[in-house]
1. Take residue 18 and tell me if it is in contact with a strand residue (DSSP E or B) (Cβ under 9 Å, 6 or more places away or on another chain), closer than 19 Å to residue 103 by Cβ and either part of a helix (DSSP H, G or I) or at pLDDT below 90 (or both).
2. What are the residues in region 80-105 that are assigned to a helix (DSSP H, G or I) and out of contact with any helix residue (DSSP H, G or I) (no Cβ under 6 Å at 6 or more places or on another chain), if any?
3. Please identify the pairs in which a residue from region 84-102 that is touching a residue at least 40 places away in the same chain (Cβ under 8 Å) has its Cβ atom under 6 Å from the Cβ atom of a residue that is surrounded by 12 or more Cβ atoms within 10 Å (Cβ to Cβ) and part of a strand (DSSP E or B), counting only partners at least 6 apart or on another chain.
4. Collect the residues in region 2-15 that are in a loop (DSSP other than H, G, I, E, B) and surrounded by fewer than 14 Cβ atoms within 10 Å (Cβ to Cβ), keeping them in residue-number order.
5. Hey, does region 24-47 have a residue that's loosely packed, with under 15 Cβ neighbours inside 10 Å and part of a helix (DSSP H, G or I)?
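The values are calculated or read from the model by the stated rules, or taken from the named source; none is laboratory data. Source: prediction; values computed, not measured. No Cβ is skipped: glycine too gets one built from the backbone with ideal geometry, and neighbour counts run over all protein chains shown.
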């Protein structure tokens, strides 16, 4: 992604990703389903709605959400609030086009 001019932040698991999203502003969140600690669909719900049990508010600046995965994984991500989902496998140019169409300037 950096080769295409994007700044990128990544996390080693869903919990750390959630913490990054609470502390920083991002234009786009790209997630799959099978994340360690917090599944991708749970991550999306946390970002969009917060989590009273974890005492987390919704993200102050919710990003556009792009899911990636198999067909059944995409269904889960879309139901959780992803704007769109790319079925694996996909090419880098489709990913770039999807990101560009998701970002509101």
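1. Against the criterion (in contact with a strand residue (DSSP E or B) (Cβ under 9 Å, 6 or more places away or on another chain), closer than 19 Å to residue 103 by Cβ and either part of a helix (DSSP H, G or I) or at pLDDT below 90 (or both)), residue 18 does not qualify.
2. Just the residues of region 80-105 that are assigned to a helix (DSSP H, G or I), to begin with: 80, 92-102.
Passing the criteria: 92, 93, 94, 95, 97, 98, 99, 100, 101, 102.
3. Pairs found: 99/28; 102/28; 102/64; 102/66.
4. To start, the set of residues in region 2-15 that are in a loop (DSSP other than H, G, I, E, B) comprises 5-13.
5, 6, 7, 8, 9, 10, 12, 13 - these are the residues of region 2-15 that are in a loop (DSSP other than H, G, I, E, B) and surrounded by fewer than 14 Cβ atoms within 10 Å (Cβ to Cβ).
5. no
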